[in-house]
Amino acid sequence: MSLKKTAFYEIHQQLGAKLVEFAGYLMPVQYAGIKQEHKRVRSTVGLFDVSHMGEFIIRGDNALAFLQHMTINDVSKLAVDQVQYSAMCYENGGLVDDLLVYRLADHYMVVVNAANLDKDWAWMQKHLTPEVELINRTDELSLLALQGPQAEPTLAKLTDLHLNDIPYYWLKVGNVSGVEMIVSRTGYTGEPGFELCFSVAHSEMIWQALMQAGAEFHIEPIGLGARDTLRLEMKYCLYGHDIDETTNPLEAGLGWITRLDKGDFIGKSAIQKVKEHGPTRKLVGFEMIEEAFPRQGYIIWQGERELGHVTSGTYSPMLEKGIGTGYVAADVATVGADIQIDVRGKKVAARIVKTPFYHKNSTHG
């Protein structure tokens, strides 16, 4: 199977990016280096190509009812120009995917994970109802994430949109460098920033305009490697690691987006049962006490008791230590609990901590 490329592929090549296969695409994992790129986003501003994500348009008289049935959050609560974090579940409560729902003036847009694009499309097609039009616009749209404390002054140079009037998880449709696009105050880094969704035809021009506008803030292109370390410092879930078809939203800590008080939706009764009995395991964050880097799949122990396994793990550039997430038995999922991570056959000391791992005041120097 030939790998897909985003409209920014040649730019990534020119910038000397290390390109890897990711979700069927050739994507940049790093440019200058993960640690440097990570710190750039935390300190000023970075630009990510996230065009591998999928965009589905949902329109028609029953679009709202369809999305209410498909997703676990309450879509009816969305005002025009508002964005919602949500997920789709199977009948057994396992997660199909986590996603974003955008409410625009006359339709909805759903942004899904690249690795789940075909599966999500098939799942939505399978449950499609009359008076609903479902359109896959993934190949027609580019998506860039401009993230960091200087994202707003960077973008402000290129648009007459009043960016400071866009609250977190809201959007505006307007022009950036003369191109009409969706500008949403969303992101996957824990920093202020925007995601820009626009026609693929303008991709290179928009990239260059953003890089030029951010030059005074030492903007850098950021790869998937730093995207992963940034999201993990915030304990944002990653599908295929922290959540998948074997996990339900409540054990994954996604109870806050699970609206059991709305009408029926796929997976509701299974999730309701979990809520009544309480989850048997929970997704927790932990920090390494000894020097070691946890990786997905490593076993989590407490003495001789096997608790679960690591779902995501990395070295935190901001905390300068190993951090990770994993599922552990509910009775030990408490902040402060001492655990051990099996790192290549050696049990290494770690501790369950309050998340997010990173706060502005928790940097070293």
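The values are calculated or read from the model by the stated rules, or taken from the named source; none is laboratory data. Not measured: the values here are computed from a predicted model. Heads up, the Cβs are rebuilt from the backbone with ideal geometry, glycines too, and the neighbour counts pull from every protein chain shown.
Based on what the data block shows, is I222 of a type in the set (A, V, I, L, M), over 18 Å from M318 (Cα atoms) and either at pLDDT 95 or above or surrounded by fewer than 22 Cβ atoms within 10 Å (Cβ to Cβ) (or both)? No. Can you find even one residue in the range 140-148 that is of a type outside the set (K, R), more than 24 Å from L224 (Cβ to Cβ), touching a residue at least 40 places away in the same chain (Cβ under 8 Å) and in the same structural domain as P28 (by TED's automatic domain parsing)? No, the range 140-148 contains no residue that is of a type outside the set (K, R), more than 24 Å from L224 (Cβ to Cβ), touching a residue at least 40 places away in the same chain (Cβ under 8 Å) and in the same structural domain as P28 (by TED's automatic domain parsing). For the subset of the range 151-162 comprising residues that are under 14 Å from E195 (Cα atoms) and touching a residue at least 40 places away in the same chain (Cβ under 8 Å), which member is surrounded by the most Cβ atoms within 10 Å (Cβ to Cβ)? So, considering only residues that are under 14 Å from E195 (Cα atoms) and touching a residue at least 40 places away in the same chain (Cβ under 8 Å), the one surrounded by the most Cβ atoms within 10 Å (Cβ to Cβ) is A151.
Checked against (1) out of contact with any Ser or Thr (no Cβ under 6 Å at 6 or more places or on another chain); (2) over 24 Å from R40 (Cβ atoms), L171 meets all criteria but (1). Condition (residue is without any contact (Cβ under 8 Å) to a residue 60 or more places away in the chain and of a type in the set (A, V, I, L, M)) applied to the range 38-49: is it met by at least one residue? Taking every residue of the range 38-49 in turn, none turns out to be without any contact (Cβ under 8 Å) to a residue 60 or more places away in the chain and of a type in the set (A, V, I, L, M).
The selection criterion, being out of contact with any Gly (no Cβ under 6 Å at 6 or more places or on another chain) and either surrounded by fewer than 16 Cβ atoms within 10 Å (Cβ to Cβ) or over 21 Å from S86 (Cα atoms) (or both), holds for T314.
Condition test on V101, is it part of a strand (DSSP E or B) and farther than 30 Å from A215 by Cα? Yes: the conditions hold for V101. So, in the range 236-270, how many residues would count as being of a type outside the set (F, W, Y) and either under 19 Å from V112 (Cα atoms) or in contact with a Cys (Cβ under 7 Å, 6 or more places away or on another chain) (or both)? Residues that pass the stated criteria total 18. Do we have K172 as surrounded by fewer than 18 Cβ atoms within 10 Å (Cβ to Cβ) and under 29 Å from L232 (Cα atoms) here? Here the answer is yes, as K172 does meet what is asked.
Looking at the range 285-305, is at least one residue surrounded by 14 or more Cβ atoms within 10 Å (Cβ to Cβ), hydroxyl-bearing (S, T, Y), out of contact with any Asp or Glu (no Cβ under 6 Å at 6 or more places or on another chain) and more than 30 Å from E91 (Cβ to Cβ)? The answer is no; no qualifying residue exists. Considering only the range 215-247, state which residues are in a helix (DSSP H, G or I) and either out of contact with any strand residue (DSSP E or B) (no Cβ under 9 Å at 6 or more places or on another chain) or basic (K, R) (or both). Those that are in a helix (DSSP H, G or I) and either out of contact with any strand residue (DSSP E or B) (no Cβ under 9 Å at 6 or more places or on another chain) or basic (K, R) (or both): A215, E216, F217, R227, R231. Here D120 does not qualify as modelled with pLDDT of 95 or more and surrounded by fewer than 14 Cβ atoms within 10 Å (Cβ to Cβ). Does the range 239-247 contain at least one residue that is surrounded by 23 or more Cβ atoms within 10 Å (Cβ to Cβ), in contact with a helix residue (DSSP H, G or I) (Cβ under 7 Å, 6 or more places away or on another chain), within 24 Å of Y327 (Cβ to Cβ) and not hydrophobic (A, V, I, L, M, F, W, C)? Taking every residue of the range 239-247 in turn, none turns out to be surrounded by 23 or more Cβ atoms within 10 Å (Cβ to Cβ), in contact with a helix residue (DSSP H, G or I) (Cβ under 7 Å, 6 or more places away or on another chain), within 24 Å of Y327 (Cβ to Cβ) and not hydrophobic (A, V, I, L, M, F, W, C).
When the range 144-200 is filtered for residues that are within 17 Å of the chain's Cα centre (by Cα) and of a type in the set (D, E, K, R), the ones remaining, listed by number, are R185, E191, E195.
Restricted to strands (runs of 3 or more DSSP E) entirely inside the range 1-63, those with at least 2 residues that are surrounded by fewer than 17 Cβ atoms within 10 Å (Cβ to Cβ) and either acidic (D, E) or assigned by TED's automatic domain parsing to the domain that holds W121 (or both) are 18-22. Just wondering, is there one or more residues in the range 127-136 that are polar (S, T, N, Q), more than 30 Å from E37 (Cα to Cα) and in contact (Cβ under 8 Å) with a residue 12 or more places away in the chain? Taking every residue of the range 127-136 in turn, at least one turns out to be polar (S, T, N, Q), more than 30 Å from E37 (Cα to Cα) and in contact (Cβ under 8 Å) with a residue 12 or more places away in the chain.
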